[in-house]
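So the structure is just underneath, and the comments pick up after that.
The values are calculated or read from the model by the stated rules, or taken from the named source; none is laboratory data. Predicted, not measured: the structure shown is a model, and the values here were computed from it. With ideal geometry, Cβ positions are generated from the backbone for all residues, glycine too; neighbour counts draw on all protein chains shown. Surface areas here come from the heavy atoms of the whole protein model, side chains and all, with no ligands, DNA or RNA. Shrake-Rupley method; radii C 1.70, N 1.55, O 1.52, S 1.80 Å.
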There are 4 protein chains.
Amino acid sequence: MRSIDLNSDLAEGYGAYRITEDEALLEVISSANMACGLHAGDPEIMARICRLAKAKGVAVGAHPGFPDLWGFGRRRIPFSAAEIERLIAYQLGAAQAMAVYAGHRISYVKTHGALGNMAEEDREVANAVIRAVKAVDASLAILAGPYGEQAPAAAASGLRTVAEIYADRGYTEEGRLIPRGQPGAMILDPDLAADRVIAMIDAKAIVTAGRTQLPTRIDSVCVHGDSPHAVETARLLRRRLEQAGFAIAPFSAAARDAA
Amino acid sequence: MRSIDLNSDLAEGYGAYRITEDEALLEVISSANMACGLHAGDPEIMARICRLAKAKGVAVGAHPGFPDLWGFGRRRIPFSAAEIERLIAYQLGAAQAMAVYAGHRISYVKTHGALGNMAEEDREVANAVIRAVKAVDASLAILAGPYGEQAPAAAASGLRTVAEIYADRGYTEEGRLIPRGQPGAMILDPDLAADRVIAMIDAKAIVTAGRTQLPTRIDSVCVHGDSPHAVETARLLRRRLEQAGFAIAPFSAAARDAA
Amino acid sequence: MRSIDLNSDLAEGYGAYRITEDEALLEVISSANMACGLHAGDPEIMARICRLAKAKGVAVGAHPGFPDLWGFGRRRIPFSAAEIERLIAYQLGAAQAMAVYAGHRISYVKTHGALGNMAEEDREVANAVIRAVKAVDASLAILAGPYGEQAPAAAASGLRTVAEIYADRGYTEEGRLIPRGQPGAMILDPDLAADRVIAMIDAKAIVTAGRTQLPTRIDSVCVHGDSPHAVETARLLRRRLEQAGFAIAPFSAAARDAA
Amino acid sequence: MRSIDLNSDLAEGYGAYRITEDEALLEVISSANMACGLHAGDPEIMARICRLAKAKGVAVGAHPGFPDLWGFGRRRIPFSAAEIERLIAYQLGAAQAMAVYAGHRISYVKTHGALGNMAEEDREVANAVIRAVKAVDASLAILAGPYGEQAPAAAASGLRTVAEIYADRGYTEEGRLIPRGQPGAMILDPDLAADRVIAMIDAKAIVTAGRTQLPTRIDSVCVHGDSPHAVETARLLRRRLEQAGFAIAPFSAAARDAA
């Protein structure tokens, strides 16, 4: 039986605030990208998510972002690569401690928002991310797009890379996400999104807006946690994948089984 | 030759702000209590301090405080014991990652400001601190006053405790610090402070304002990093201790040598 | 025709976060207590709320709280009375500028959360609130409970006071809110809440949990903006009040008409 | 007797942190650019500065910046012009309230750091600044460089503009500051800085690095508050200007006298 991972952003609340429907999503996904306290998240919500994820067999990844709570980490703040390195290390350490505190562990790192976009586009930023992760814990995997800059940076550094596709986003001919706001950026129909995911897994390739197939291993499928109907979409996608014969399981578990 | 540790708060800047004269203090002390980003400190200053401390053979401890940058962690914010537990875990993890990133390690935990005061006075808070440290890394030592609540809480939990005295503070008959603002709270004359420290080490006891001797092992002497003349006072104290035949060395090194 | 004011907390979002259903509430209430950026709120949401309120004829009050975004202003942080004075002045000025910027005006001040509780209980804190408001704009009204400390402090200082009752909260024999978590603190049934409000207006008195009537003028009824079903409850209350012959209108409009 | 204004950034502390030597500078300057709480400053320091400035006859201007305490407002965060408008309005209102609270008033607005640089370079940002100031208080002056974008934006909008030169900075042929880090950006010798200031005032022109004279009215001279030796430099400049026959007085006082 084939296995595929579903990942989603979680723990993106702060104090009394909530954005993601964490409990519901944890019933559907197999890997939770946990906000680390700078663009969202706080020690309370992080501890709770780790505890719940552990109980449900969901893997947890650190999801570091810029220190920009007001902008939810979506503003491209001109931090230097060296500053980004330290921002990643700090958040990764905090996430690891919260996971251990809650009886779980951090399995991977996925960069958030503007930091993630900059890291996918700019090799220097990607290298900074990878240097930080390698310095703090070289056993962690990097979850990123197969055609962005983080994957080759991680590979060059000896870190394990995990290739993800987005269920609800269109792709450029270069294999990158069509920026939000441009035509074809969002796949709003959940059934269509599910069809595309299955087609890409079957083709072992990203299918671009222009129908080009860009070959890639696919380890994980990202379903957005903070879009409206996120839970519904994730549920439908999971059901469709299961009907197509996939088991939903963390890529990290697969890795451990193989080891 | 007898050995004693000198500890001081460091890394208490934030962005362009500075309070402690970190470079100068690192020439004098043997253990640096590093702010972890919530009451002071940021990833940049933390990485730099860890690098410098490593180069100079200075041990680094996590110095977590309340998330209160404006109040410098000195306001008693009514967090629950459970929330304090998570606040400690978060900051400890961030500190550990910054230390590892910079090629160093965290050796101990010392609580800061209002959090520290509450933990010394209230066993429930002390237990929360200890639970967090034990969950994240049970090999760490707890640096605290011998007559406060943290030391017995740590001992009951199996964590190593390290007993500190303050060079420049007076003590109540209960062996606790006379609160700032009360008569006898501060020892302003550095020579007098040095005399007292040596007397207490010789007596193996805290000497209270009323001249009572409260017996205790003394592993470390705290010199305040954020008071005026902090560096001068620390230097004089170090010279006086060396003249009295003490080697200044991290308690954590002593522990490692013994192991 | 009798007129009554309905007030509710609004603008309690921050960046991408939302708590209150601001648009829906603005259709129901006549006075909006606007968060000022320290416990919640930011310049974007404040400008938008002021613009919408202006368009709908809803009065806007400054709703200052403690600088505690993580705690949503609900933690009792031990600020001194003098610090509270400055905290109020700062937030009030920011709120006034945002209102003017959006073509509206601030009509009153209502303190938020822990700051509000402390001001209602402690005359020294109440005096600090009143001194700040009087220094910044002595024409503003103070919206507060008739049996708390803010109303007499305002009256003694020559500021106009506006007496509010809570639709969904029980009252002690002293005329203060039964603290959350205690029996009788919350009136969960909206119909019952509406009955109580009308009974109190008719009786010109607060009716306590023990059925004592504490006489008071009633100018405004607070419906909570951040509780579940807040909008539904507010709508029902408004309908019930209109059926009972009340016009829903800002107390500040009444004041202006009378002037 | 000729009169000239000396302005400097003040109140750039936060809680226990300090950067500028506010008390000493207030003895030297005639206009204080007051941080408003987002890149630096807090209600405590703002109230104190306003009180001191009032006592010493020093005018106070609002000195708004980006909400970036960590970056001290020096990072170019990509806020939209509309967001900048609201950021300015918010901070201006807070500053006005703190000034009124302390018995003083805000006379002008000068943008800080990265926000200031963006406003000087980009007419759209400059227009946003001006729209905000005009909406909140159209009687305020705009303190800016004579060859930047804020001055013409203010003039076009009917706001009073006040032209400043920098004592310690070199100018491009376009009349803008040579960016820090480039050759000629900083004039480190205080005597040389004083000579240049007097030469520019005499010539009624900015003198560029290439010795071109760009004609302009000069109303104020900026001395940096946060550079090392800031106070010393400001004192020397004041003495030299007084020796050259200038009275040091707020431009706003001159304006009031003329009115």
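The helix-based estimate of mean residue ellipticity at 222 nm for the protein assembly as shown, built from -39,500 (n - 2.57) per DSSP H run of four or more residues and divided by its residue count, is -13000 deg cm²/dmol to the nearest 500.
Shielding by partners for peptide B:125-135, expressed as the average number of C-beta atoms from other protein chains within 10 Å of each residue's C-beta, is 1. Amide hydrogen proximity for D:Leu38: with H placed 1.01 Å from N in the peptide plane, the residues at 5 or more positions away or on another chain lying under 5 Å are D:Gly65. Counting from the shortest, the label point at D:Pro215, 7 Å from Cα toward Cβ, is 7.2, 7.8, 9.1 nm from the same position in each remaining copy.
In the range B:47-109, the portion of solvent-accessible area held by carbon and sulfur atoms comes to 51 percent [1.4 Å probe, whole percent, DNA, RNA and ligands not counted]. Placing +1 on each Lys and Arg Cβ and -1 on each Asp and Glu Cβ, with no other charges, gives the range D:116-167 a dipole about its Cα centre of roughly 240 debye. Centre-to-centre, using Cα atoms only, the range C:21-38 and the range A:101-118 are separated by 36 Å. For the rotational copies C and B, the chain C residue with its Cβ nearest the relating axis, together with that separation in Å, is C:Ile77, 3. In nanometers and ordered shortest first, the copy-to-copy spacing of the A:Arg160 label point, defined 7 Å from Cα toward Cβ, is 3.2, 6.8, 6.9.
With both labels modelled 7 Å from their Cα along Cα-to-Cβ, the C:Ala82 to B:Gln182 distance reads 2.3 nm. Label point of A:Arg51 (7 Å along Cα→beta-carbon): distances to the other copies' equivalent points are 3.9, 4.3, 4.6 nm, sorted ascending. Of the cross-linked pairs B:Lys56/B:Lys204; A:Lys110/B:Lys56; A:Lys110/A:Lys204; A:Lys56/A:Lys110, those separated by over 25 Å at the C-alpha level are B:Lys56/B:Lys204; A:Lys110/B:Lys56.
Annotation: aspartates and glutamates with alpha-carbon distance below 14 angstrom to D:Lys134 (same-chain offsets under eight excluded): D:Glu85. Taken residue by residue and averaged, Cβ atoms of other chains lying within 10 Å of the Cβ of A:6-15 number 2. How much of the accessible area of the range C:147-240, probe 1.4 Å, is carbon plus sulfur, in whole percent? Within the range C:147-240, the accessible surface is 54 percent carbon and sulfur. Neighbouring Cβ atoms from other chains, within 10 Å of the Cβ of residues in A:67-77, number 6 on average.
Solvent-accessible surface of the range C:92-220, taken per residue with a 1.4 Å probe and all protein chains present: 39 Å². Spacing of the modelled spin labels on C:Met1 and C:Ala199, each 7 Å from Cα toward Cβ, amounts to 2.7 nm.
In terms of its C-alpha gyration tensor, the range C:164-213 has an oblate overall shape, because the principal axis ratio a/c (a ≥ b ≥ c, square roots of the eigenvalues) is not below 1.5 and a/b does not outweigh b/c.
Using C-alpha pairs under 8 Å with a sequence gap of at least 6, the mean separation divided by the residue count of the range C:124-211 gives a relative contact order of 23 percent.
Anything in chain C that counts as a DSSP H helix reaching 24 Å or more along its axis (C-alpha) with Kyte-Doolittle mean of at least -0.5? List them, would you? Sorted by number, the helices that extend far enough and score high enough are C:81-101. Report, by chain and number, residues whose modeled amide H sits under 5 Å from the one on B:Thr161, excluding near sequence neighbours (fewer than 5 apart, same chain). Here the answer is B:Ile142, since their amide H atoms fall under 5 Å of that of B:Thr161. Contact residues in the range B:95-121 (at least 30 Å² less accessible area with all protein chains than alone, 1.4 Å probe): B:Ala97, B:Met98, B:Val100, B:Tyr101. Which shape class applies to the range C:166-259: rounded if a/c is under 1.5, otherwise prolate when a/b exceeds b/c and oblate if not, where a ≥ b ≥ c are the square roots of the Cα gyration tensor eigenvalues? Verdict is oblate for the range C:166-259.
Backbone geometry of the range A:30-38 corresponds, through the Karplus equation with coefficients 6.51, -1.76 and 1.60 at θ = phi - 60°, to 3J(HN,Hα) couplings of 10, 9, 10, 7, 9, 4, 10, x, 9 Hz, x marking Gly and Pro. Protein-only accessible surface at a 1.4 angstrom probe places the residues C:Ile198, A:Ile4 in the order C:Ile198, A:Ile4, largest first.
For the pair B and C, the buried accessible area comes to roughly 700 Å² in total, with a 1.4 Å probe and the value rounded to the nearest 100. Remark: the range A:11-25, residue by residue, has Karplus-estimated 3J(HN,Hα) of 6, 8, x, 7, x, 6, 8, 9, 10, 8, 8, 4, 4, 5, 5 Hz, where x stands for each Gly or Pro and the curve is 6.51 cos²θ - 1.76 cosθ + 1.60 at θ = phi - 60°. With R₀ set to 41 Å, the beta-carbon distance separating D:Ala247 from B:His229 gives a calculated FRET efficiency near 0.55.
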